[in-house]
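Scroll down for the structure; my scribbles are underneath it.
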Amino acid sequence: MTAAARVRLRAEGLSLGYGENRVVEGLDLDVIDGTITAVIGPNGCGKSTLLRALGRLLAPQEGHVLLDGKRIDKTPTREVAKIVGVLPQTPVAPDGLTVGDLVARGRHPHQAWYRQWSADDEGAVSEALRMTGMLEFAERTLDQLSGGQRQRAWISMALAQGTDLLLLDEPTTYLDLAHQVDVLDLVQQLHDQAGRTVIMVLHDLNLAARYSDRLIAMRDGKIVAQGAPQDVLTEQLLSDVFDLDARVVPDPVAGTPLVVPIGSRHRVRVDSAAPADDTM
Amino acid sequence: MERSVTVATPSGSRRSPRSGVAPQQADATVRRRRRRLIGLLVLVLVLLASVLASIAIGSKPIALADVWHALATPTGTEDDIVIGSLRVPRTMLGLVVGISLGVAGALMQGHTRNPLADPGLLGVNQGAAFAIVLSIFMLRTDDIYTLVWFGFAGALVATVAVFALGSVGRGGPTPVTLALAGAAISALLYALTSALVLLDAQSLEAFRFWRSGSLAGRDPEIVLQVLPFLVAGLVLALVNSPGLNALSLGEDVARSLGQSVMLTRVVGIAAVTLLTGAAVSACGPIGFVGLVVPHMARAITGPDYRWLLPYSGLLGAIMLLVADVVGRVVARPGELQVGIMLALVGAPFFLVLVRRRRLVRL
């Protein structure tokens, strides 16, 4: 990173929740320009809630979110929409919507009643479809696509929005491993080629380590550790955050941490180093 | 923004030098837009034909030449009087009410994400009914103008009450809480209306006439009375369509796209209330148009509300006018009320629609 590290998104003393139910308590966070950040943590630790607050979909109960140094809740939502794009975990679309129409709706913040559809819009939509490899599917409806293609279509929509920051909530949900890798390769490509700053919630720890510059580990609404994946993803942290007994070894392909869970079946044997002869 | 237009087609030409696929996509978009515009034109022509039919056909058939005579240079012949004082007002009423109900139905289904929603879902019809019965009971009036205003006020109050009740919960107004609040308030108003009607014979008489859902026998001036509200409702509906497009991708995506969810809902429901309230006060509750027409329109246009709303409006007017004309012909020399006609035609049609495709997800 040659340019000075610039904070794009900052959370200050953020407390989040739904009614009486506090999910996140007094959280501080900086997101640096041009990085990919992955948020990990057990179910219900508040990572999706945090992502929604960062994308101003949820109003904080205390504290606030700053976008480029300005309070995000004081900035007109349409202006924010030109800088931050958010993709929820399982977005819904009406029946019969084509991929092309879906992606075109990403241009919503750039349009007004006096400016409906411009060459800029056309260009951004074709470019988004091209980058995600969805051009040939533009005329298909979403229900004619496979899960992986559908996710690509939604990412195209967020891409056509033309925002510097992309917030993705579990973009690999319900996808098989090959398609998970496929989607994350796409995220990597958006970062490398299109210069997007990405914050995503991920469940798969190994993929999170692979595809992020920065990991944030959360538990019970607090950040337990953050930093480079090799610093964060340790056996101690897995035990602290996930209550998981695991070995962490270097990923033979990328060298990033690889989490190998132990599980009850192998706990004794690993401890006593007994030969495994009844593997089935 | 600037980084995302690396292969953007320059504004002058659609051909991109680098890829042969992008222009195809642009061409497909242009082709589809042209097809939709042509479809809109065809519907306008069909609507014009329906308007003519509605003026010419009735218990006393009138030749097209005489229709033209009556419209262009009326000289006070019997045909001229029938057309000028009966057929034209009735047709105009059907036209504006049909457009309103079609558009209101599409809006209501979009905002509630419910393919079985109709414009009366938020208590508009029962609100108007109760207010009309109450005004007959209290004021002892059967002056149609007074009743229209009371009906309209009742529709507004009922919708505001439903919206308020549906917004009490933590998540604000959601499709489900709105539908539940609508059902609850409608049931309450229906009970109150029934009680009043049972108590009082005069209310019953006037109410029975109003509630039959007919374009006939309404005062010609009524169209002009409700017209401003219908126009206002239509303008709000058109303003609402891009927002509704965003909202149909879910509330979170809509917010992320910079659309205020609350504002979109309020504008949409205001449009539905104006359109439906005016329509129901003018000619009583007319079912099926608001329910069936959006499905027909959606089959042609897909889920883009910028097209869906105009298509629904035109189809609504065509359906209402045709049903009214058919109702005049089938039971000669009497006639079937358009509300009954619509139910007779609309119900089987709707069954076919539901059976042919699984019910749409909105």
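All but one of (1) more than 8 Å from every other protein chain (Cβ to nearest Cβ); (2) within 20 Å of A:G96 (Cβ to Cβ); (3) not aliphatic (A, V, I, L, M) hold for B:P242, so report the exception by its number.
It fails just one condition, (1).
Specify which of the listed residues (A:L258, A:L244) is under 27 Å from A:L54 (Cβ atoms) and either at pLDDT below 95 or touching a helix residue (DSSP H, G or I) at 6+ places or on another chain (Cβ under 7 Å) (or both).
A:L244
Would you point out the residue of segment A:94-112, among those that are in contact with a Leu (Cβ under 8 Å, 6 or more places away or on another chain) and part of a helix (DSSP H, G or I), that is farthest from A:K47 (Cα to Cα)?
Per the stated criteria, the residue is A:G100.
Restricting the search to segment A:16-56, which residues are under 11 Å from A:M218 (Cα atoms), part of a loop (DSSP other than H, G, I, E, B) and touching a helix residue (DSSP H, G or I) at 6+ places or on another chain (Cβ under 6 Å)?
A:G41, A:P42
Could you count how many residues in segment B:40-53 are in contact (Cβ under 8 Å) with a residue 24 or more places away in the chain and over 19 Å from the mean Cα position of the chain (by Cα)?
1
Scan segment A:1-21 residue by residue and report those that are away from every other protein chain (no Cβ under 14 Å) and surrounded by fewer than 16 Cβ atoms within 10 Å (Cβ to Cβ).
Result: A:M1, A:T2, A:A3, A:A4, A:A5, A:R6, A:V7, A:G13.
Let me spell it out: the conditions are (1) more than 14 Å from chain A (Cβ to nearest Cβ); (2) free of Cβ contacts under 8 Å to residues at least 60 places away in the same chain, and B:D304 meets all of them except one. Which number is the exception?
All conditions pass for B:D304, except number (1).
Could you check how many residues of segment B:254-299 are among the β-branched types (V, I, T), within 14 Å of chain A (Cβ to nearest Cβ) and part of a loop (DSSP other than H, G, I, E, B)?
Of the residues in that region, 0 qualify.
Under the condition of being among the β-branched types (V, I, T) and either crowded, with 23+ Cβ neighbours inside 10 Å or farther than 24 Å from B:V231 by Cα (or both), which residue from segment B:302-329 is farthest from the chain's Cα centre (by Cα)?
Quick first cut of segment B:302-329, residues among the β-branched types (V, I, T) only: B:318, B:322, B:325-326, B:329.
Then drop every residue that is not either crowded, with 23+ Cβ neighbours inside 10 Å or farther than 24 Å from B:V231 by Cα (or both), which leaves B:318, B:325-326, B:329.
Values: B:I318: 12, B:V325: 19, B:V326: 20, B:V329: 25 Å.
Of everything passing the filter in segment B:302-329, B:V329 is farthest from the chain's Cα centre (by Cα).
Could you please find all residues in segment A:136-159 being crowded, with 24+ Cβ neighbours inside 10 Å, more than 11 Å from A:L102 (Cα to Cα) and either of a type in the set (G, A, S) or within 11 Å of another protein chain (Cβ to nearest Cβ) (or both)?
Result: A:L159, single match.
How many residues does segment A:57-93 hold that are of a type outside the set (A, V, I, L, M), surrounded by fewer than 22 Cβ atoms within 10 Å (Cβ to Cβ), assigned to a loop (DSSP other than H, G, I, E, B) and within 7 Å of chain B (Cβ to nearest Cβ)?
Selection size over segment A:57-93: 1.
Search segment A:94-114 for residues being at pLDDT below 90 and under 16 Å from A:Q161 (Cα atoms), and hand back the single one that is nearest to the other protein chains (Cβ to nearest Cβ).
Taking the candidates together, the pick is A:Q111.
Take B:V266 and tell me if it is buried (at least 24 other Cβ atoms within 10 Å of the Cβ) and either among the aliphatic types (A, V, I, L, M) or without any contact (Cβ under 8 Å) to a residue 12 or more places away in the chain (or both).
Judged against the criteria, B:V266 is not a match.
When you go through B:R306, B:R332, B:R265, B:R298 one by one, which is the residue that is under 25 Å from B:P89 (Cβ atoms) and among the basic types (K, R)?
That would be B:R332, the only listed residue that is under 25 Å from B:P89 (Cβ atoms) and among the basic types (K, R).
Here's the yes/no breakdown for (1) closer than 24 Å to A:E25 by Cα; (2) hydrophobic (A, V, I, L, M, F, W, C); (3) out of contact with any Phe, Trp or Tyr (no Cβ under 6 Å at 6 or more places or on another chain):
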site: A:A178; (1), (2), (3): no, yes, yes
site: A:D192; (1), (2), (3): no, no, yes
site: A:I216; (1), (2), (3): yes, yes, yes
site: A:R219; (1), (2), (3): yes, no, yes
site: A:I223; (1), (2), (3): yes, yes, yes
site: A:Q226; (1), (2), (3): yes, no, yes
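The values are calculated or read from the model by the stated rules, or taken from the named source; none is laboratory data. Every value quoted in this text rests on a predicted model; they were computed, and no experiment measured them. Don't worry about glycine lacking a Cβ; one is built from the backbone with ideal geometry, like all the others, and counts go over all protein chains shown.
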